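Taken together, the values in this text are just the output of simple stated rules run on the coordinates, not laboratory data. Everything numeric here is computed off the predicted structure, so don't read it as measured data. Every residue, glycine among them, receives a Cβ derived from its backbone with ideal geometry; neighbour counts consider all protein chains shown.
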Amino acid sequence: MNHRSNSHLCLFVLVAASAIFLGNAQVPFPGKCPEVKIVESFDAEAYMGLWYEYAKYPFVFEFGQKCTTATYSIVDANTVSVFNAGINEISGEPKNITGEAKVIGPGQLAVAFYPGQPLTEANYLVLATDYKTYSVVYNCIEFSPLLNSKFAWILTREREPSAKTIEAAKKILEENKVSLSYLVDTTQNECSQS
Ligand SMILES: *[C@@H]1O[C@H](CO)[C@@H](O)[C@H](O)[C@H]1NC(C)=O
C-alpha cells in the first residue's frame, strides 16, 4: 500500500470514528461526490423567512435536537442572515445559533456559523424549492476521490407539512440519487415555541 492510499485509509477511519462518536453526525460514503441538479434560478427574497426542518441527514449541531427551525433574512444584495433554533431533546432547553450566508450562485449558498469561517465555497445547495411549501437542501464534502460525506435537509414552511409536500421533496432527493434511507425525521411536536 502506497503512502497516498494509506492516508486515505486513515482519513476514512477518522471520519468513520467521528461519525460514531458524534452519533452519526455525518454519513460517510465511498467515492467522489456525485453530480446533483441544483435549481437553475433562485429567488433569494422568496426564500427568506421561517422554515421547519422536517428531516435531515444527521448533523452535529442538530444532534439530539427537536423543533428545529431555520430563519433566513436578507442583509444586503447577496448576504443573508441565518438563525437556527431548536430544543434540546433531553433537557428541553432552547438552543440557537446565528450565522451568515452569501449567495454565490443560483441556489448556491455559503453558510458559516463561526467567525473566520470562509464564505466562498457553496455548502448549502438548493436542489429544489417551491418557496411556499418545501425546500430540498444538499451538501457533499469530498475528502478524497475515495470518500465523501453527504448532508441533506428537507425544510418545510409548515411545522406539519402535508404528505403531498413531503412526497414532492423526497422525489427530488430520489431524482438526485440521494438515498432516503439516511433521512431522519425531526421531531416537531411538543415545541413550546409556536
Ligand atoms: C438564543 O439563545 C440565547 C441564549 O442561549 C437566548 O438568550 C436568546 O433569547 C435566544 N434567542 C432567541 C430569539 O430565541
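Along the Cα-to-Cβ line of residue 32, 7 Å from the Cα, sits a label point; which residues in region 164-190 have backbone N less than 20 Å from it? Under 20 Å, as judged by backbone N against the label point of residue 32, lie 176-179 of region 164-190. Subtracting the Cα-Cα distance of residue 143 and residue 96 from their residue separation scaled by 0.36 nm leaves 14.0 nm. Charged neighbours of residue 187, selected by a Cβ distance under 9 Å, balance to -2 (K, R count +1; D, E count -1). Net charge dipole, region 91-194: roughly 160 debye, given to the nearest 20, about the Cα centre with Cβ charges of +1 for Lys and Arg and -1 for Asp and Glu.
Computed from the C-beta positions of residue 187 and residue 77, the FRET efficiency with R₀ = 41 Å rounds to 0.65.
Give me the net charge of residue 73's neighbourhood, meaning all other residues with Cβ under 12 Å from the Cβ of residue 73; Lys, Arg count +1, Asp, Glu -1.
Numbers: positive: none; negative: 45, 76, 100.
Surrounding charge for residue 73 is -3.
The relative contact order of region 64-194 comes to 17 percent, based on Cα pairs under 8 Å that sit 6 or more residues apart. When a/c is below 1.5 the answer is rounded, else prolate if a/b is larger than b/c, else oblate, so apply that to region 70-138 with a ≥ b ≥ c taken from the square roots of the Cα gyration tensor eigenvalues. Here region 70-138 falls in the oblate category.
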